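The values are calculated or read from the model by the stated rules, or taken from the named source; none is laboratory data. None of the values given here were measured: they were computed from a predicted structure. A quick note on method: Cβ atoms are made from the backbone with ideal geometry, for glycine too, and the neighbour counts reach across all protein chains shown.
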Amino acid sequence: MGFIKEFKEFALKGSVIDLAIGIVIGAAFNKIVGSLVDDIITPAILTPALKAAHLTNLSDLVIPGTMIKYGNFISTIIAFVITAFALFLFIKAINKIKRKKDAAPPALTKDQELLTEIRDSLKKD
């Protein structure tokens, strides 16, 4: 019975649940970024190059005579850069919020110092 109880405590810890939620949100975010890259950014940036190569889709970019699809590779690199940039902005915003919380309180004024001393002396008595 101890093993089951120990597993239950582990599985229901906040960190495990937070990790599971993060993975689900990350998967959904990945779909959004994939769509952004495949449906908006890649066509906007690479349309002239695709037209010059007489192609309609980035995945059609292959090295002639091989099965090497460097177009898919380019799309994956673009998706990675966008995802990394979005995470950078997200972490930067979180760090900014944390810094505001961790900022030292302003120094006490003379009146506040005197009131603090009075309070502390009253506590002693």
Can you name every residue in region 1-50 that is more than 30 Å from I82 (Cβ to Cβ) and among the aliphatic types (A, V, I, L, M)? M1, I4, A11, L12
Would you check which residues across region 51-69 are touching a helix residue (DSSP H, G or I) at 6+ places or on another chain (Cβ under 7 Å), part of a helix (DSSP H, G or I) and over 20 Å from V81 (Cα atoms) and list them? D60
Of the residues A86, A93, A79, which is closer than 25 Å to A49 by Cα, surrounded by 10 or more Cβ atoms within 10 Å (Cβ to Cβ) and within 20 Å of the chain's Cα centre (by Cα)? A79
If you go through region 46-96, how many residues are among the charged types (D, E, K, R) and in contact with a Lys or Arg (Cβ under 9 Å, 6 or more places away or on another chain)? 1
Given the criteria without any contact (Cβ under 8 Å) to a residue 24 or more places away in the chain and either surrounded by 11 or more Cβ atoms within 10 Å (Cβ to Cβ) or of a type in the set (F, W, Y) (or both), does A28 qualify? no
Out of all the residues in region 38-76, which are under 23 Å from I25 (Cβ atoms), β-branched (V, I, T) and modelled with pLDDT of 80 or more? I40, T76
